[in-house]
There are 2 protein chains.
Amino acid sequence: MANPVLIEITRGDRVESFHRGAIAVVDAACKTVLALGDIETPIYPRSSLKPIQALPLVESGAADAFGLEAEELALACASHSGEPMHTERVTAWLARIGCSESDLACGAHPSRFEPVAEAMIKRGEKPTRIFNNCSGKHSGFLSVARHWDVATKGYELHNHPVQRAIAEALSEMSGLGPDMPWGVDGCAAPNFAIPVAAFAKALAKMADTASLKPERATAAKRLVNAMMAHPELVSGTGRTCAVVMRACKGRAAVKAGAEGYFAGIVPEKGLGIAIKFDDGTGRAADTAIAVILEKLGVLDANDPAAAKLLRAPVMNTVGKEVGERRSAPTLAQIKF
Amino acid sequence: MANPVLIEITRGDRVESFHRGAIAVVDAACKTVLALGDIETPIYPRSSLKPIQALPLVESGAADAFGLEAEELALACASHSGEPMHTERVTAWLARIGCSESDLACGAHPSRFEPVAEAMIKRGEKPTRIFNNCSGKHSGFLSVARHWDVATKGYELHNHPVQRAIAEALSEMSGLGPDMPWGVDGCAAPNFAIPVAAFAKALAKMADTASLKPERATAAKRLVNAMMAHPELVSGTGRTCAVVMRACKGRAAVKAGAEGYFAGIVPEKGLGIAIKFDDGTGRAADTAIAVILEKLGVLDANDPAAAKLLRAPVMNTVGKEVGERRSAPTLAQIKF
């Protein structure tokens, strides 16, 4: 059966396009608070996986051994825009662990922050691998490898100890077996395919750490607090993760993923949220995460930037509003 | 009932995202050759409407009165990339009809051709309205207004004689009544909502002009030939319309539209093709139009650029293929 329509885009008096997807909101005991669509087929959380991928960084003691602060932990969970606040910190972090850009296994791409991208074009500068939105995550991987004194080369491969530690953490947090299917992410690291419901459960355990072993519970809390304390380091100026976390005022951490994924962690309610749109469109996931958090009572709908996610005007090239992006009835009608 | 899944995107060993949509392939008598999904709900063809929107330009005699060549007719049907071949011709065309950039009702946006966009950033130049991908279409609208000696100001409004002529042509070609619902397009002009099947019929009449009045038949042939003769003027260097038309070698004209639309015109078979993806993703429509034309036997699947539409590799940031975009079984299995 097809997943339900959750988000719609209008133009004039009609719906022009619409987005189907699956949403699971669960608690740490895996009690399902909301289930929409197919939440059982394994699928890649993509960058929404980053908070879990950062667990070994803290849990292993690497973060403390290298004196990493909340800023670096936020960057380890980030898909950043390549603004100076990101690239300067990643550069310094790599130096601190005795590594450099050439150790990063992710490829280069331009800054996602237009003023930076344009300034670099003007100066004739090419982006380095530091500008890859995942360079913080990779710096985290490298830090663990350094701390464990294992080879840094190949740290992005599925069988490297760092990736094995991530797989083990995800397996334990989600309740899945250790042999999760996987694919190669845009940044060259493995990404594991797991059901939306199981991923929401793993996120719920980031929110409610009571059932976790002490070092993992501490790691989860530190990472979630770092994300909430530094929303722009997790994403960038004006990006959805930053807007949503600002509008949640420390009551939720969120992380977007490519291909229409979004993860949410709500500590005060002990809930995890996983959202995947069938068609892989980020615009649908952007609105859906804001809607779910608003309905959970943790997102301030009066925050001007968040309001433009909940109901996003569609503008034409002369600045006239010609339609809107909004919840479809199935999503609009849910209540917690 | 949900539309069928037509295109899928894989990563590793599994489908990560997929796209549902509707496709109609019909002849000028409205005999349906292929019907997939909901082809009866009215929806905006967006820029796929441009070949129809250009009919009054030729039919009215405006094109001949102003000495327009095939190049300008191709631009009238274009969503161009703002390369010099586009902007210089539009600038000269506007001058020829006694108009200028300030008469254009569309807004400015950057060139879609990266080298041009980057060069303009380096020179500190802001794009003008000439760079709007629809500036050729708007120049056509202005030409008709000039030719009819009616006000050019307000040419983009629904009740202006130029827009009334377009509505009449679309109504007659599609067999729909004259009061089609409409919305405002990205370029500020009206766009009419019509069923995918009815739009395919209008496109079929562009392909097989036998039932049209002589001046419209001539106009349709000239426009379709102009598009096929100048694929890059209809789109831009390396863009899907150009790639597909090059791989069809004069046997089909195609036109992309925003929000997952694609139109095709196959003169030798007298067929019109209309494709709309529910989710509005261009990547799905890009592959679908190539697949349909290949199955109709008019697209050369060995053309290297077209082959990368039929089966598009998904690359990561270090240039490794990690998945692919391809026909889903429903589309892969169709035969003509």
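The table for this structure:
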quantity	calculated
Flagged links, alpha-carbon separation over 23 Å, of A:Lys269/A:Lys335; A:Lys50/A:Lys122; A:Lys50/A:Lys269; A:Lys308/B:Lys276	A:Lys50/A:Lys122; A:Lys308/B:Lys276
At 7 Å out from Cα toward Cβ: A:Lys126 inter-copy label distances (nm, ascending)	3.3
Loop-located trypsin sites (Lys or Arg not before Pro) in segment A:1-69, at most 15 other Cβ atoms within 10 Å (DSSP)	A:Lys31
7 Å along Cα→Cβ, label-point gaps from A:Glu88 to other copies, nm, shortest first	4.4
Amide proton proximity set for B:Ile43, modelled H, under 5 Å, gap of 5+	B:Ile194, B:Val196
Sparse-neighbour loop sites [trypsin sites (Lys or Arg not before Pro); segment A:177-284; at most 13 other C-beta within 10 Å; DSSP]	A:Lys249
Trypsin sites (Lys or Arg not before Pro) restricted to segment B:137-196 and DSSP loop, no more than 11 other C-beta within 10 Å	B:Lys153
Among A:Ala290, A:Ala92, A:Ala108, residue whose mean-square fluctuation peaks in a GNM of chain A (springs only between Cα atoms under 10 Å)	A:Ala92
With every protein chain in place, the protein assembly as shown: carbon and sulfur % of accessible area (1.4 Å)	52 percent
Simple spin-label estimate for A:Glu69 and A:Ala301 in nanometres, 7 Å along Cα-Cβ	3.8 nm
Cβ-isolated cysteines (cut-off 4.7 Å), the protein assembly as shown	A:Cys30, A:Cys77, A:Cys99, A:Cys241, A:Cys248, B:Cys30, B:Cys77, B:Cys99, B:Cys241, B:Cys248
Whole-Hz couplings from phi, Karplus 6.51/-1.76/1.60, listed for segment B:63-74; x for Gly and Pro	4, 6, 4, 9, x, 6, 9, 4, 4, 5, 5, 4
Backbone HN-Hα couplings from phi across segment A:310-326 [Karplus 6.51/-1.76/1.60, Hz, Gly and Pro as x]	4, 9, 9, x, 9, 9, 9, 6, 10, x, 9, 6, 10, x, 8, 9, 7
Inter-copy separations for B:Arg164, label at 7 Å along Cα-Cβ, nm, ascending	7.8
Cα centroid of segment B:125-182 to Cα centroid of segment A:2-30, whole Å	35 Å
Size of electric dipole in segment A:1-53: Cβ of Lys, Arg +1 and of Asp, Glu -1, about Cα centre, debye, nearest 20	180 debye
Pairwise burial B:A, computed as accessible area of each alone minus the pair, summed, 1.4 Å, Å²	3500 Å²
Gain in span if fully extended, B:Trp148 to B:Ala2, counting 0.36 nm per residue against the direct Cα distance	48.0 nm
Rounded to the nearest 20 debye, dipole of chain B from Cβ charges on Lys, Arg, Asp, Glu	400 debye
Taking segment B:97-210 and dividing mean pair separation by its residue count, relative contact order in percent (alpha carbons under 8 Å, at least six apart)	22 percent
Pair B:Asn225, B:Thr237: separation of 7 Å Cα→Cβ label points (nm)	3.0 nm
Long-range lysine pairs (8 or more apart or interchain), segment B:153-235, Cα under 26 Å	5
Global form of the protein assembly as shown, assessed from the alpha-carbon gyration tensor, a/c cut-off 1.5	prolate
Unit charges on C-beta of K, R, D, E only; dipole of the protein assembly as shown, Debye	140 debye
Neighbourhood charge, 13 Å Cβ-Cβ cut-off, centred on A:Lys335 and excluding it, Lys, Arg +1 and Asp, Glu -1	0
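The values are calculated or read from the model by the stated rules, or taken from the named source; none is laboratory data. All figures in this text were calculated on a predicted structure; none of them were measured in a lab. Counting neighbours? That spans all protein chains shown, and the Cβs are built from the backbone with ideal geometry, glycine included. For accessibility, only protein heavy atoms count, side chains too; no ligands or nucleic acids. Shrake-Rupley method; radii C 1.70, N 1.55, O 1.52, S 1.80 Å.
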